[in-house]
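Student: Can you read through this structure? Questions will come right after.
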Amino acid sequence: LKLARPVLSAHRPLSAMPMPGRRSLASVLPLVLALVLLLALNGVLAQGWDEDGQALGIDVDAAAPEVDAGALGPALAWPEVCQPLFDRREGSDYPWAQRCKSYSFGGQDHQDALLCGLAEGRWNHALLCELFRVATDCLEGPRVCAPGGTAIAETLRAGLRRGKAPLPKDAGDMVEVLLVGAAPALVESAPDGKISFATFASMYAVAELCLRAQPKFMQRIYHLRPEALNREGCRDVVVEHFEHVFESLAGAGTVPPKLPRTAPRTGSAAAEQRISSAVRKHIIGLLPQGPLGVADAEPAGTGHYLHLPKDEVWTRFVVRAPRVGADDEPGIARWLGLQKAWGWQNAWAALRLAGKLDELLADEHTAAEHLDAWLEALGAERQGMLDGREVVDGEQRQVGYRRWRVTHRTLTPISGQYRPMWRAALLRRAAEPDVAALFELPGGEANASRGWRCGAVLTWAELPVSCSEALAESGTDVATERGDLDGTSLARAPGGGCHVILNRAVLRSPADAAALGLGDCDVWFGAPTVMHNASYAVRPQWLHAEFNALEVLQRYLLPKALHNISAAARAVHDANSSEPLASRLLHFAESVAEFTYYMFNGALYTRGSAAITILSHHAMFLWLLRHEDDASDRAAAARHRLQALRCLPNWRPHTMPDIEASTCHTAGAYVRGAYWASFEVPPEAARASLAECLGRQLQPSEEAADRGRSDAQRMREALRELRAVPA
């Protein structure tokens, strides 16, 4: 028999045992006999497959009945999931293989995809099922196992005492990490002291990711740490991850805390403080600081924040997120050099785009008709920044391409830089007056518990038409005759009207939700979480707007928002207006903020949507600065417009502007709060300084003209240097 490497204990594998030095055969013989005896009593001998692929220790001569893939049991249910695999042992044409091959986004059985995400599907499916059979001490065959069986401390001990199981060859690592190491350590802390098949499958997915081969000094999304971990390290990752998952659910519960109200959204100060504290704990439980379980160590370098100049045009395009690596002088200098090149590229693109807006928004009555041209111009500018560099390949070359078909689904795993940025943004929302609504869903109180236990933060917008009209206009043929909106990204508003769902951030990962038996955390207004890839399934997910939502967004909301910007700009330049100039300027800024919110939450491009949205935002402020004296001198007009960037504060340190927008349910909430809080100066100061600076730039001075000439010269030099850099 080909034996997997045996396991001596949950914490001390054979490789970790002290080994004797060179001795004579006689002196070593007692040790060998003791080792054999120990293996016989306590070991787990994982039998392998022979050269014909048949499982050893099992009667393989009996005819295996045919199993219809469509007749498989409920997703992640024991023993229904495993029975077809046990009944059909030869080859790879077993029902779960066929199911996984045909899996696609939005399938009715998308829960099954947690199994499909395992690498080497045939091997892993067999091993998963056999290990759980050991864990439940059900070695007589799954047909006699209790439906919905669970592993408890007693069955784990009994299964391990048997010391024998028909496991695939090379199963030793997984046996030690999961069956002998993690499962016994976790069973007591699991809900009700039981490990269900779904919980076991989730633990298996984490262990399988951890044990995957990993090149030295290379980490990708499908790796959990910068360097590969051994058996002990992977066991510890599984244990600490699921201990935290079980504890966080026990601490937060499945029902959000209620705020006593004497009037809508009001309550005592003590009650509000209690709610805020509970929400903060829940956020930290869902997004713990790594390294912890599948959460890797987070980028922690922040020294570069202090080195960004305050009064430079190019800095307005720089997002200050934490860096990986030491904050030493060479590292910060390199970061500044890259950001400076990026900022000047964007400033030059923003100038061209401001000129494009002169053309598109010349007539207020037709402004909304030019949305498509504006979106195309934005994408073309961003695509042009690739400079033909050959080092940019693969999906990165799709930067600036608009999503134009249903299959263009986009998601961002909340890992790496995104984890601390999401946590920081949500904690800021937890300090706001409406904190009790953070995990609410469209539909009001009926869905509040679901949003809380799944950690769902959604964004949406109210449409000016009914859901039926929106469906008819978009050509979405999903709704039934009864008005069913499943799969449409639309939801009826409680008081009438219709909501379109944009972003869906699901902080409870699909694997964690399965482990906790939370069966309603998988589909969010037509968009399923992604489980067919294990590296996505074990992480929180940021599901960007579905394609049908983009169609609705571009038909109803973005055109109106663009029209509002045009009207607000005309009001700013209306010399006969009785409204104070500062008020008109702030109305223009908030009209731009509304458009920006929809762009951030729409993610209209296959790649680069956040950077493109920032470019759009800044270009609109440049476009606002136009003067009759500039008409005859395009260079002077461009230099004048560059000064609008000086009016915008730098982005706030430790933020990503698109995440700030994605933590606000609606555009109105974003414009009132998070938009102004996205800048490095306090919100009231940001409002006042922006209005004062723009008002001053509307009447350009000689001093501003000198600054413009200096900025233009430095921009030309920066772009020349960039062109000289080899591709």
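The values are calculated or read from the model by the stated rules, or taken from the named source; none is laboratory data. Predicted model only: the values in this text are computed from it and were never measured. When we count neighbours, we look across all protein chains shown, and the Cβ atoms used for this are built from the backbone with ideal geometry, even at glycine. To get the accessible areas, we keep the full protein, side chains included, count just its heavy atoms, and leave off ligands, DNA and RNA. Shrake-Rupley method; radii C 1.70, N 1.55, O 1.52, S 1.80 Å.
Student: So, PRO330, is that one assigned to a loop (DSSP other than H, G, I, E, B) and either in contact with a Ser or Thr (Cβ under 8 Å, 6 or more places away or on another chain) or open to solvent by 10 Å² or more (accessible area, probe 1.4 Å) (or both) or not? Let's see the steps before the verdict.
Tutor: Details: assigned to a loop (DSSP other than H, G, I, E, B): no; either in contact with a Ser or Thr (Cβ under 8 Å, 6 or more places away or on another chain) or open to solvent by 10 Å² or more (accessible area, probe 1.4 Å) (or both): yes.
Taking the combined requirement at face value, the residue does not satisfy it.
Student: A follow-up question, please. Please work out if ARG428 is open to solvent by 10 Å² or more (accessible area, probe 1.4 Å), of a type in the set (D, E, K, R) and at pLDDT 90 or above.
Tutor: Yes, satisfied.
Residue-wise test of (1) of a type in the set (Val, Ile, Thr); (2) touching a helix residue (DSSP H, G or I) at 6+ places or on another chain (Cβ under 9 Å); (3) in a strand (DSSP E or B); (4) touching a residue at least 24 places away in the same chain (Cβ under 8 Å).
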| site | (1), (2), (3), (4) |
| --- | --- |
| PRO168 | no, yes, no, yes |
| LEU179 | no, yes, no, yes |
| ALA182 | no, yes, no, yes |
| GLU188 | no, yes, no, yes |
| ASP192 | no, no, no, no |
| THR199 | yes, yes, no, yes |
| SER202 | no, yes, no, yes |
| VAL206 | yes, yes, no, yes |
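Conditions tested, residue by residue: (1) open to solvent by 60 Å² or more (accessible area, probe 1.4 Å); (2) small (Gly, Ala, Ser); (3) touching a Leu at 6+ places or on another chain (Cβ under 7 Å); (4) within 21 Å of ARG382 (Cα to Cα).
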| residue | (1), (2), (3), (4) |
| --- | --- |
| PRO299 | no, no, no, no |
| THR315 | no, no, yes, yes |
| ALA341 | no, yes, yes, yes |
| ALA350 | no, yes, yes, yes |
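Student: Right, another one. Before we move on, is ARG646 touching a Leu at 6+ places or on another chain (Cβ under 9 Å), open to solvent by 20 Å² or more (accessible area, probe 1.4 Å) and in a helix (DSSP H, G or I)?
Tutor: Answer is no for this residue.
Student: Regarding GLU240, is this residue modelled with pLDDT of 90 or more, outside any helix (DSSP H, G or I) and of a type in the set (D, E, K, R)?
Tutor: no
Student: For THR655, state whether it is within 27 Å of GLU432 (Cα to Cα), open to solvent by less than 10 Å² (accessible area, probe 1.4 Å), modelled with pLDDT of 95 or more and not hydrophobic (A, V, I, L, M, F, W, C).
Tutor: no
Student: Filter region 175-187 down to the residues that are closer than 11 Å to ALA151 by Cα and not aliphatic (A, V, I, L, M) and list them by number.
Tutor: Once the filter is applied, which keeps residues that are closer than 11 Å to ALA151 by Cα and not aliphatic (A, V, I, L, M), region 175-187 yields only PRO184.
Student: Sticking with this one: Restricting to region 462-487, name every residue that is modelled with pLDDT of 85 or more, open to solvent by less than 40 Å² (accessible area, probe 1.4 Å) and assigned to a loop (DSSP other than H, G, I, E, B).
Tutor: Within region 462-487, VAL465 is the sole residue that qualifies.
Student: Given (1) modelled with pLDDT of 95 or more; (2) among the aliphatic types (A, V, I, L, M); (3) buried (at least 16 other Cβ atoms within 10 Å of the Cβ), where does ALA685 come up short, assuming only one miss?
Tutor: (3)
Student: Mind counting the residues in region 113-159 that are touching a helix residue (DSSP H, G or I) at 6+ places or on another chain (Cβ under 9 Å), surrounded by fewer than 21 Cβ atoms within 10 Å (Cβ to Cβ), in a helix (DSSP H, G or I) and at pLDDT below 85?
Tutor: 3
Student: Provide a single number: the residues in region 186-216 that are over 16 Å from ASN124 (Cβ atoms) and open to solvent by less than 10 Å² (accessible area, probe 1.4 Å).
Tutor: Qualifying residue count, region 186-216: 5.
Student: Also: Out of all the residues in region 501-522, which are over 21 Å from PHE197 (Cβ atoms), hydrophobic (A, V, I, L, M, F, W, C) and not in a loop (DSSP other than H, G, I, E, B)?
Tutor: ILE501, LEU502, ALA505, VAL506
Student: Continuing with this model, one more query. Quick check on my filter: what residues within region 575-599 are open to solvent by 10 Å² or more (accessible area, probe 1.4 Å) and either under 18 Å from the mean Cα position of the chain (by Cα) or β-branched (Val, Ile, Thr) (or both)?
Tutor: Of everything in region 575-599, nothing turns out to be open to solvent by 10 Å² or more (accessible area, probe 1.4 Å) and either under 18 Å from the mean Cα position of the chain (by Cα) or β-branched (Val, Ile, Thr) (or both).
Student: Out of region 523-552, which residues are of a type in the set (Asp, Glu) and part of a loop (DSSP other than H, G, I, E, B)?
Tutor: GLU546
Per-residue answers, yes or no, for (1) hydroxyl-bearing (Ser, Thr, Tyr); (2) touching a Pro at 6+ places or on another chain (Cβ under 6 Å); (3) closer than 30 Å to HIS241 by Cα; (4) at pLDDT below 90:
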residue: THR315; (1), (2), (3), (4): yes, yes, no, no
residue: PRO322; (1), (2), (3), (4): no, yes, yes, yes
residue: LYS340; (1), (2), (3), (4): no, no, no, no
residue: GLY355; (1), (2), (3), (4): no, no, no, no
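Student: Continuing with the same structure: Filter region 669-681 for residues that are more than 23 Å from LEU507 (Cβ to Cβ) and touching a residue at least 24 places away in the same chain (Cβ under 8 Å); which is surrounded by the most Cβ atoms within 10 Å (Cβ to Cβ)?
Tutor: Going through the qualifying residues, I end up with PHE679.
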